[in-house]
Amino acid sequence: MLEIRSLSVTFTQPNSEPLLALGPLSFDIPPGQFVCLVGPSGCGKSTLVNVIAGLQTPTTGCVRLEGTTMRGPSPRVGLMFQNATLMPWRTVRDNVALPLELAGAGRAQRMEAVDALLEMLGLTDFANAYPGGLSGGMAQRVALGRVLSQKPHLLLLDEPFGALDALTREQVSFDLLRAWRREQQTVLMVTHDITEATLLADRVLVMSRRPGQIIANIPVTIRRPRHPEDAFTPDFSETAREVRAAINRA
């Protein structure tokens, strides 16, 4: 599904030495897998996401999606940031419908798809509300619905729940898992939270300090579907310890 080959990013500025920010690194993600990416702050996680999304050109190497080399943004890739970035003048329903509208889908088709997403995300009662009246968790659910409405083949999540309180973060994380089980997209999610990574992912990739490289590839064997109570199981504790140990080595 996703192939990263010998990827690196170097930043250059006038009157200064080039700065190798990322890589070189290589890894694959097979179709339908949920992968979390963790590592020290400043190691290049967001830079990697931007390259995969086609928003930044790598210095060396390449990104291939379904066998095709990525040379820019693609409708096959959905991207969600930490900030919801909703349009304040559009209702919840119209914010979620925006990608379909831009793609030229008719209103009836848009509303059918959007209303199904709102129901799945628990937002039906807020369909006609505006972003200014939403809590942080609800706003992130709307942002998640908006990116899912595109039906991307690859979903990139750059710390999407980092600004939420712990309880809301857990609730929205499991909303994401339900959506992933239904849509079966391939997911790459950046997070600083070891618990979140272990609860959500099929495997966890750990990056080193800058220039970021992959130093550990840790499978998560907790059964699916996952539940918050899984965080108290021996399998969870062992995997979380392994992830933490790899981060400490970084």
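The values are calculated or read from the model by the stated rules, or taken from the named source; none is laboratory data. Nothing here was measured: the structure is a model prediction, and the numbers come from that model. So basically every Cβ, Gly included, is an ideal-geometry build from the backbone, and we count neighbours across all protein chains shown.
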- request: Please work out if THR198 is over 29 Å from GLN109 (Cα atoms) and crowded, with 17+ Cβ neighbours inside 10 Å.
  value: yes
message: I'd like the full set of residues that are farther than 25 Å from THR47 by Cα and part of a helix (DSSP H, G or I), limited to the range 152-170.
response: ALA166, LEU167, THR168, GLU170
query: Is it the case that the range 2-11 has a residue that's outside any strand (DSSP E or B), more than 14 Å from the chain's Cα centre (by Cα) and not hydrophobic (A, V, I, L, M, F, W, C)?
result: no
query: Can we say PRO58 is buried (at least 16 other Cβ atoms within 10 Å of the Cβ) and assigned to a loop (DSSP other than H, G, I, E, B)?
result: yes
message: So, in the range 75-100, how many residues would count as being modelled with pLDDT of 90 or more, surrounded by fewer than 20 Cβ atoms within 10 Å (Cβ to Cβ) and not charged (D, E, K, R)?
response: 5
- request: Would you point out which residue out of SER173, SER208, SER149 is touching a Pro at 6+ places or on another chain (Cβ under 8 Å) and within 27 Å of GLY42 (Cβ to Cβ)?
  value: SER208
- prompt: What are the residue pairs meeting all of these: first residue in the range 140-169, first residue small (Gly, Ala, Ser), second residue modelled with pLDDT under 85 and surrounded by 20 or more Cβ atoms within 10 Å (Cβ to Cβ), Cβ atoms under 6 Å, and 6 or more apart or on different chains?
  reply: ALA143/ALA84
- request: Select from the range 163-195 the residues that are among the small types (Gly, Ala, Ser) and surrounded by 20 or more Cβ atoms within 10 Å (Cβ to Cβ) and write down the one among them that is farthest from GLY136 (Cα to Cα).
  value: ALA179
- line: When the range 179-222 is checked residue by residue, the ones that are in contact (Cβ under 8 Å) with a residue 60 or more places away in the chain, in a loop (DSSP other than H, G, I, E, B) and more than 17 Å from the chain's Cα centre (by Cα) are SER208, ARG209, ARG210, PRO211, GLN213
query: Restricting the search to the range 120-150, which residues are charged (D, E, K, R) and more than 14 Å from the chain's Cα centre (by Cα)?
result: ASP125
message: Restricting to the range 35-52, name every residue that is assigned to a strand (DSSP E or B) and crowded, with 23+ Cβ neighbours inside 10 Å.
response: CYS36, LEU37, VAL38
query: Are any residues in the range 111-146 in contact with a Lys or Arg (Cβ under 9 Å, 6 or more places away or on another chain) and charged (D, E, K, R), and if so, which ones?
result: ASP115
- prompt: Which condition number in (1) more than 28 Å from ARG249 (Cα to Cα); (2) at pLDDT below 90; (3) crowded, with 22+ Cβ neighbours inside 10 Å is the one that MET120 fails?
  reply: (3)
- prompt: In the range 223-250, which residues are free of Cβ contacts under 8 Å to residues at least 12 places away in the same chain and within 24 Å of LEU20 (Cα to Cα)?
  reply: ASN248
message: Are there helices (runs of 4 or more DSSP H) fully within the range 69-149 with at least 2 residues that are in contact with a strand residue (DSSP E or B) (Cβ under 9 Å, 6 or more places away or on another chain)? List them.
response: 136-148
